[in-house]
Number of protein chains: 2
Amino acid sequence: MKNNASALRFTILLVILARLGASAQTETRSDTDAIFPKGQRAPTRNFTGTVWVQQLIEPDSAFNIPVGYVTFEPGARSHWHSHAGGQVLLAMGGIGYYQEQGKSIQILRKGDAVKCPPNVPHWHGASPTVGFMQVAVTPNTTKGRVTWMKPVTDEEYTNIRK
Amino acid sequence: MKNNASALRFTILLVILARLGASAQTETRSDTDAIFPKGQRAPTRNFTGTVWVQQLIEPDSAFNIPVGYVTFEPGARSHWHSHAGGQVLLAMGGIGYYQEQGKSIQILRKGDAVKCPPNVPHWHGASPTVGFMQVAVTPNTTKGRVTWMKPVTDEEYTNIRK
């Protein structure tokens, strides 16, 4: 019996070690799966909460189409804003919110693509409990890049159809 | 001894089952990690090899910035072409080749971003042994979307600095 109990403890230990090894592999995999780096903290004046931005294509006078990778931590969102030349958002991961003025909040998930029409006030960000990663493409910047407006209130942010 | 041998066999079985479980999880994870669907076969007239395209943002007269997700199987590449309004490529995975006329082939890896300047003939595709996935953003389409040219010969495709 003593031997059996010892063998059982050994079994449990081995199984735990095997699971831990598997978790460690998954962690590593998850790290190498990130396509773009998280970048730098975004200026706090235009966002609520913690937001990170990695510029992928820098603005350039000859061919001006800035592209950025944006990470919103849970609860974080942009202020209301508009783009004179419009913007395209590609949802890369997590759960995002997108709202145009006068419309309901739209949930964004990995693989979704959104066209923000020129001059339409809108905001985007993460859900309250899960962060959100997006690529943002800003074309037609000769017309203007972005006009910032007021912050998204908690009442606006939580006004979502369940 | 018989009990111990039996416990050892049980241990080995449990460890194998735990590893199998972990592999199954990793497989599932890998499937759900794909951000965009592979889409449809691209028209063969403008490509060498097998290429898949998923349109993410459809062309639209009001705000025309087509965005596509392109998967090149190993050895596949576009023909030489140019964009009157330029193009931005975002490397999403695999190993890609990108070459502008008169320059060396540039290797693209996950996270790289490339600006194809307006009217510069170029081509892009996968490496010979590893496929390549990219997002392509085509701005300023009022100037023209794409002008297709001749295929990339095997000599051009393999003329890479090791």
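Pop out the ³J(HN,Hα) list for the range A:143-156 in order, Karplus 6.51 cos²θ - 1.76 cosθ + 1.60 with θ = phi - 60°, rounded to Hz; leave Gly and Pro as x.
After applying 6.51 cos²θ - 1.76 cosθ + 1.60, I find 7, x, 9, 7, 10, 7, 10, 6, x, 7, 6, 4, 5, 5 Hz.
If you count, for every residue in B:91-100, the Cβ atoms of partner chains within 10 Å of its Cβ, what is the mean?
1
So the label point sits 7 Å from Cα along the Cα-to-Cβ vector; using that for A:K103, what distances do you get to the other copies, in nanometres, sorted shortest first?
Result for A:K103, in nm, nearest copy first: 3.7.
Run the simple label-point estimate for A:T158 and B:N119 please: 7 Å along Cα→C-beta, distance reported in nm.
With each label point 7 Å from Cα toward Cβ, the separation is 5.7 nm.
Go through A:K103/B:K110; B:K38/B:K103; A:K143/B:K115 and tell me which ones have a Cα-Cα distance over 25 Å in this structure.
From A:K103/B:K110; B:K38/B:K103; A:K143/B:K115, over 25 Å: A:K103/B:K110; B:K38/B:K103.
If you put a point 7 Å past Cα along the Cβ direction, how far is that point for B:P74 from the same point in each other copy, in nm, smallest first?
Those separations, rounded to one decimal, come out as 4.2 nm.
If we hang a label 7 Å off Cα along the beta carbon direction at B:T147, how far is it from the matching labels on the other copies, in nm, shortest first?
Distances between equivalent label points, in nm: 3.7.
Would you mind checking the range A:59-81 for residues with the amide N under 12 Å from a putative spin-label position 7 Å along Cα→C-beta of A:T44?
No residues fall inside that zone.
For the range A:88-139, take N as its residue count and report Rg(C-alpha) divided by 2.2 N^0.38 Å.
Computed over Cα atoms of the range A:88-139, the ratio equals 1.06.
Taking each residue of B:115-121 in turn, how many C-beta atoms of other protein chains fall within 10 Å of its C-beta, and what is the average?
For this peptide, the per-residue mean of nearby foreign Cβ atoms is 2.
Can you give the Rg/Rh ratio of the range B:42-89, where Rg is from the C-alpha atoms and Rh is the Kirkwood radius?
Looking at the range B:42-89, the ratio lands at 0.99.
Grab the Cα-Cα distance for B:K103 and B:S61, subtract it from 0.36 nm times how many residues apart they are, and report the gain in nm with one decimal.
Here the answer is 11.6 nm.
Bins of 5 Å, beginning at zero and ending with the bin holding the largest distance: percent of Cα pairs per bin for the range A:63-162, please.
Percent of pairs per bin, in order: 3, 14, 25, 26, 20, 8, 3, 1, 0.
Once the mean 1/r over all distinct Cα pairs of the range A:117-162 is inverted, what Kirkwood radius in angstroms do you read off?
13.2 Å
No lab work stands behind these numbers, since they all come straight from the coordinates. This is a predicted model, so every value here is computed, not measured. Because the Cβ atoms are built from the backbone with ideal geometry, glycine has one as well, and the counts that use them run over all protein chains shown.
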